[in-house]
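The values are calculated or read from the model by the stated rules, or taken from the named source; none is laboratory data. In this text the structure is predicted, and so the values were computed from the model without any measurement. Please note: Cβ atoms are built from the backbone with ideal geometry, for glycine as well, and neighbour counts cover all protein chains shown. We work out accessible area using only protein heavy atoms, side chains counted, and drop any ligands, DNA or RNA first. Shrake-Rupley method; radii C 1.70, N 1.55, O 1.52, S 1.80 Å.
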Amino acid sequence: MAAGRALPLLLLLLEPVAAVWPQPQAERTPAGGGRCLLPPRRFRFAYAAGSAVGPGCAVLEAAFQRYWALLFAAARPTEKELPWGIPCTQLLVFVATPGCNGFPSLDSKESCLETFSQLVGRDENGTYYINKTEIVDFPRFRHRGLLLDTSRHYLPLRAILETLDVMAYNKFNVFHWHIVDDPSFPYESMTFPELSKQGAFNAMTHVYTASDVQTVIEYARMRGIRVIAEFDTPGHTLSWGPGAPGLLTPCYLDKDPSGTYGPINPILNSTYQFVTSLFKEVSTVFPDFFLHLGGDEVDFTCWKSNPKIRAFMRKMGFGEDYKKLESFYIQRLLDIISSLGKGYIVWQEVFDNGVKVRPDTIIHVWKENPKPYMEEMANVTKAGYRALLSAPWYLNRISYGQDWMAAYQVEPLKFGGSPEQKDRVIGGEACMWGEYVDVTNLAPRLWPRAGAVAERLWSNATVRDLQDAYVRLADFRCKLLGRGVQAQPLYVGYCENEFPGF
């Protein structure tokens, strides 16, 4: 141990210089208080005695370097020794379980370096310090996600990586990558390269190469963030058609093809051969156990117009119920994904339409009509499935005023049901759909508004005071500005580091 006082992670010597966001589970100032000074040239993160991991843990070593730089970004290289007080030269990190270099999962434990970083202060003389407080911090929900849509507008790789940084600051732990959709197919497939060549906005500049995807996954891993890719089918697939002839359903006008196409054609064996090959690749590229398979908003108009589809419906005894045809496709897709050793998340329509899914399926609740989303949460969990909530957290929807407050006041467990049902709610996701969002307005529209969702999913359910939240979130927004994030203001006021990059 270096000279001076060490700070154990589980008993941080803190007193809020400014409050933490998201708020910890417990925070107490011991009698007598006290203050520790942090000399940048000597301060280091270190492993506590008995820690199950040590210097070989690449994830923690990288985190130590990142947070040292965040803490002392304004430190002067020629800084003199501290003029007063007791120096603290180490923060001791204790990890209870071995193994830290793998990919994060739904059951991963999470550390508190971000909590520590937010409570370091700097006085008028430029001296860094931290005051004495006991902090207990852990997440309320295991799945705390953010969805980015990279089909409606392509987001450059740098924008995704910067978003992952800010997700870590907010303690989000899942990046839901809605990577393709109707407008464009930017994912560069090794198995079917024509998908992006024909389906991307620009096959040279608006694609995610294999290297790009691996960069995102690794960057996220080093920040304890899972990457869950979504390839939504059978609807939302118009961009797939040019690169996969025969995959989409030909639409008809009266008795003749209209020249337009609808959802994936569910009656052809070639469809399932294609889907098997594509998802075999996807399941290898994305290491997380779960894939998001979509299954939402399937428009039946084209299927209804196609005479071969109608004949198949009669043959199968589906009558005029095209939900049964949708379920037929989804069921075969889910069997394919299961055979690849993957779990799956699906949008709520898959559950609503009665598709037979595995008991470990996660149902993603996003609709607010025709029934309230909390009624859907009750139904999903009563049926024995795990649930994710997104319906009240579509951050692409904006309104004048402090709309973060509505997101903040949501309670994910506010539905009638047993304790066992409530335990099946594993968390939720904020969603940033891309119709009106690209790299020019992504960061300010996300931050700090997404922080409202982050705290709701991390902190105790009793943390609900809007006035207190405003003060803490406004302060956190200032911290984000200081870290170079173009976070928009909550209301009137100012920050000391108000103009990063200007």
Between the Cα axis of helix 157-169 and the main Cα principal axis of the chain, the angle (0 to 90°, nearest 10) is 50
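Quantify, in whole percent, the carbon and sulfur part of the accessible surface of segment 380-502 (1.4 Å probe; protein heavy atoms only).
Values: 3050 of 5690 Å².
Roughly 54 percent, rounded to a whole number.
Quick one: plug the Kirkwood hydrodynamic radius of segment 29-181 (C-alpha pairs) into Stokes-Einstein at 4 °C, 1.567 mPa s, and report D in µm²/s.
Working: Rh = 18.0 Å.
Reported coefficient: 72 µm²/s.
Filter the trypsin sites (Lys or Arg not before Pro) in segment 218-255 to those in DSSP coil with at most 13 other Cβ atoms within 10 Å of their Cβ, and list the result. Spell out each step's value before the answer.
Numbers: sites: ARG221, ARG223, ARG226, LYS255; in loops: ARG223, LYS255.
Filter output for segment 218-255: LYS255.
Using alpha-carbon pairs under 8 Å, 6+ residues apart, how would you state the relative contact order of segment 135-245 in percent?
Relative contact order for segment 135-245 comes out at 32 percent.
Is there a quick way to get the dipole size of segment 253-364? I mean about its Cα centre, with the Cβ of Lys and Arg at +1 and of Asp and Glu at -1; what is the value in debye to the nearest 20?
On the way: 13 positive and 14 negative charges, 108 e Å.
I would put it at about 520 debye.
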Per segment 285-375, sqrt(5λ) over the Cα gyration tensor eigenvalues, sorted largest first, in Å, gives 25, 18, 11
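Quick one: Kirkwood hydrodynamic radius for segment 97-165, alpha-carbon pairs, angstrom, one decimal?
Kirkwood radius, segment 97-165: 16.2 Å.
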Here the gain from full extension of ASP465 to ARG358, 0.36 nm per residue of separation minus their alpha-carbon distance, amounts to 34.6 nm
In whole µm²/s, the translational diffusion coefficient that Stokes-Einstein assigns to segment 209-259, given a Kirkwood hydrodynamic radius over C-alpha pairs, 20 °C and 1.002 mPa s, equals 151
The helix 322-339 Cα axis meets the longest alpha-carbon principal axis of the chain at an angle in degrees, between 0 and 90 and rounded to 10, of 60
Using the Kirkwood radius over Cα pairs of segment 342-448, the Stokes-Einstein translational diffusion coefficient at 4 °C and 1.567 mPa s, in µm²/s and rounded to a whole number, is 87
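Using a 1.4 angstrom probe, figure out how much accessible area the chain has per residue, in square angstrom, rounded to the nearest whole.
With the other protein chains kept in place, the chain gives 43 Å² per residue.
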In terms of the alpha carbon gyration tensor, root eigenvalues a ≥ b ≥ c, rounded if a/c is under 1.5 and otherwise prolate when a/b exceeds b/c or oblate, segment 128-263 is prolate
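Net charge within 14 Å of SER196 by Cβ-Cβ distance, Lys/Arg positive one each and Asp/Glu negative one each, not counting SER196 itself? Let's see the in-between values first.
Numbers: positive: LYS197; negative: ASP181, GLU188, GLU194, ASP212, GLU281.
After counting each charged neighbour, the total is -4.
Given a cut-off of under 8 Å on Cα pairs at least six residues apart, what relative contact order in percent is computed for segment 387-502? It would help to have the intermediate numbers written out before the result.
Working: 117 pairs, mean separation 34.3, N = 116.
Contact order relative to length: 30 percent.
Could you state the orientation-averaged shadow area of the convex hull built on the Cα atoms of segment 368-502, in nm² to one decimal?
On the way: hull surface 38.0 nm².
Value for segment 368-502: 9.5 nm².
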Over the chain, the sum of -39500 (n - 2.57) across DSSP H runs of at least four, divided by residue number and rounded to 500 deg cm²/dmol, gives at 222 nm -9000 deg cm²/dmol
Here the FRET efficiency for VAL136 versus ILE426, based on Cβ atoms and R0 = 35 Å and rounded to 0.05, is 0.95
The Kirkwood hydrodynamic radius of the chain, taken as the inverse of the mean 1/r over all distinct Cα pairs, in Å, comes to 24.6
Singleton cysteines, the chain, no second Cys beta-carbon under 4.7 Å -> CYS112, CYS431
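For the chain, calculate the relative contact order in percent as a whole number, restricting contacts to Cα pairs under 8 Å that are 6 or more residues apart.
Numbers: 935 pairs, mean separation 77.1, N = 502.
Over the chain, the number comes to 15 percent.
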Looking only at aspartates and glutamates whose Cα falls under 16 Å of LYS280's and that sit 8 or more positions away or on another chain, we get GLU188, GLU230, ASP232, ASP288, ASP335
Of the accessible area of segment 208-363, computed with a 1.4 Å probe and all protein chains kept, carbon and sulfur make up a percent value of 55
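About its Cα centre, how strong a charge dipole does the chain have in debye, to the nearest 20, once Lys and Arg get +1 and Asp and Glu get -1 at the Cβ? Walk me through the numbers before you get to the answer.
Working: 51 positive and 53 negative charges, 168 e Å.
Value, rounded to 20: 800 debye.
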Taking 365-374, 445-454, 139-148, 57-66 and ranking on average Cβ neighbours within 10 Å, highest first, one gets 445-454, 139-148, 57-66, 365-374
